[in-house]
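A.B. asks: Pasting a structure below so you can have a look.
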Amino acid sequence: MNIYDIGIEPGGVHTINVQADYIYFRTGTAGGGDTTVVFQPSSGGEAVYLQPGQAYKMPASMRGKNVTWVLRNLRGEGKIAGVILMGEGEFQDNRVSGSVEVIDGGKARTLAGFAYMGGVSVAGQAGTYSHVQLFNPAGSAKNLILEGMLISSSAAAQVDFGPQTLQLDQLFPVKPVSKKFSAGGADTVAVTRRQNAVSTLLGNAFANVMIQASATVPVKFTEPVVVAPGFGVMVQSETLSAALTVTFEYFEESVL
């Protein structure tokens, strides 16, 4: 079993010539981006898509042959640096090493500029209900992975939240910003919106919280909410004339 260090730039390739019946993508990073590597024989044939920790056992027709494999960076979201094991036989590694942060990738996403946070508020108007929204425009090619929210209301209220394809009518003038406080963070694809309406607009709330006047309630999801292109997360107050403020915390991933 041979060990190969790889470094594949977006749009670049890496070639490995080896007699092998097994590929193991041992480790790999892309600065928080997609680490999927495409393996394909230079002569053509079926492509193999592997992420770190995944392996591929070649079919019998390819065993015992020297093959030049061409490795490509699938998404091109950053340089993929890693270690590949290729050879005859099989390799297993059942260790879990490093910190939880390395496994979760939170720090890497922030450093890569894919993590965001931003607030949106709507003033209370007499006889109307307040609504705010984090929206992922159709065609963005990104999923928003919503990790949590901070919700506050000017009056005691039940506040509902859930999925919605309807875009609220007012674009909030300030977009969420990168959690990387330095140059180089990419702009988010998401927008925040707001609206006052004489009736509540969210038809399918998946949760609600009770808020005291001028209090802030944190909402942290055990499993994150995935907001696909063309969808949004809407938050609405069930109390008339109450102002509503919500801060969204999320990161972006390419749609597979």
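A.B. asks: Along its principal axes, what span do the Cα atoms of the chain show, with the longest given first and each in whole Å?
C.D. replies: Its Cα atoms span 77, 36, 34 Å along the three principal axes.
A.B. asks: Could you tell me what % of all Cα pairs in the range 153-254 have separations over 21 Å?
C.D. replies: Values: 2017 of 5151 pairs.
When all Cα pairs of the range 153-254 are counted, 39 percent exceed 21 Å.
A.B. asks: For the chain, modelled as a Gaussian network with Cα springs under 10 Å, which listed residue fluctuates most, Val191, Val120, Val48?
C.D. replies: Comparing Val191, Val120, Val48 in the GNM, the peak value goes to Val48.
A.B. asks: Right, another one. Pairs to check: Lys180/Lys220; Lys142/Lys220; Lys65/Lys107. Give those whose C-alpha atoms are more than 30 Å from each other in this structure. Walk me through the numbers before you get to the answer.
C.D. replies: Working: Lys180/Lys220 21 Å; Lys142/Lys220 22 Å; Lys65/Lys107 42 Å.
Going by Cα-Cα distance, Lys65/Lys107 fall outside the 30 Å limit.
A.B. asks: Take the Cβ-Cβ distance between Glu223 and Asn66 as r, set R0 to 51 Å, and report the resulting FRET efficiency rounded to the nearest 0.05. Numbers along the way, then the final one.
C.D. replies: Working: r = 46 Å, r/R0 = 0.90.
Here the calculated transfer efficiency is 0.65.
A.B. asks: What is the percent of Cα-Cα separations in the range 132-210 that go past 15 Å?
C.D. replies: Everything past 15 Å amounts to 66 percent.
A.B. asks: Note down the relative contact order for the chain as a percent, whole number, built from C-alpha pairs under 8 angstrom at least six residues apart.
C.D. replies: 26 percent
A.B. asks: State, to one decimal in nm², a quarter of the convex hull surface area for the C-alpha atoms of the range 2-95, i.e. the direction-averaged projected area.
C.D. replies: Values: hull surface 22.8 nm².
One quarter of the hull surface, i.e. the mean projection, equals 5.7 nm².
A.B. asks: Suppose every Lys and Arg Cβ carries +1 and every Asp and Glu Cβ carries -1, with no other charges. What dipole size does the range 107-254 come out with about its Cα centre, to the nearest 20 debye?
C.D. replies: Numbers: 9 positive and 9 negative charges, 73 e Å.
For the range 107-254, the charge dipole is close to 340 debye.
A.B. asks: Report ³J(HN,Hα) in whole Hz for each residue of the range 112-126, in order, from the Karplus equation J = 6.51 cos²θ - 1.76 cosθ + 1.60 where θ = phi - 60°; Gly and Pro get x.
C.D. replies: Each residue's phi maps through the Karplus curve to give 7, x, 9, 9, 9, 7, x, x, 9, 9, 9, 6, x, 10, 4 Hz.
A.B. asks: Okay, next question. Compare Gly106, Gly127, Gly31 in a GNM of the chain, Cα atoms joined below 10 Å, and give the one with the largest fluctuation.
C.D. replies: Gly127
A.B. asks: Considering the zone a paramagnetic label at Leu150 would reach in this model (a point 7 Å from Cα along the Cα-to-Cβ line), which residues of the range 184-220 have amide N under 17 Å from it?
C.D. replies: From the range 184-220, the list is 211-220.
A.B. asks: Might you report the magnitude of the Cβ-based charge dipole of the chain about its Cα centre, with Lys and Arg at +1 and Asp and Glu at -1, to the nearest 20 debye? Walk me through the numbers before you get to the answer.
C.D. replies: Values: 17 positive and 20 negative charges, 59 e Å.
Result for the chain is approximately 280 debye, rounded to the nearest 20.
A.B. asks: Provide the packing ranking of 14-24, 109-119, i.e. peptides ordered by the mean count of other C-beta atoms within 10 Å per residue, highest first. Don't jump to the answer; show the numbers that get you there.
C.D. replies: Details: 14-24: 17.1, 109-119: 21.0.
Ranked from most to least packed, the peptides come out as 109-119, 14-24.
A.B. asks: For Leu240, project a label point 7 Å along Cα to C-beta. Then give me every residue of the range 199-225 with its amide nitrogen under 16 Å of that point.
C.D. replies: The answer is 199-201, whose backbone nitrogens lie closer than 16 Å to the label point.
A.B. asks: For Phe181 and Gln19, what does the FRET efficiency come to when R0 = 35 Å and r is the distance between their Cβ atoms, rounded to the nearest 0.05? Write out the running numbers ahead of the final one.
C.D. replies: On the way: r = 50 Å, r/R0 = 1.42.
E between Phe181 and Gln19, to the nearest 0.05, is 0.10.
A.B. asks: Here's another thing I want to ask about it. Using a Gaussian network model of the chain with C-alpha springs under 10 Å, which one of Ser152, Ser237, Ser182 is most mobile by mean-square fluctuation?
C.D. replies: Sorting by GNM fluctuation, first place goes to Ser182.
A.B. asks: Name the long-range amide H neighbours of Glu77: under 5 Å, sequence gap of 5 or more, or other chain; modelled H, no Pro or chain starts.
C.D. replies: Here the answer is Asp34, since their amide H atoms fall under 5 Å of that of Glu77.
Values quoted throughout were computed directly from the atomic coordinates according to the rules given, and no laboratory measurement underlies them. Note that the coordinates shown come from a computational prediction; the quantities given were computed from them, not determined experimentally. Backbone-built Cβ (ideal geometry, glycine too); neighbour counts: all protein chains shown.
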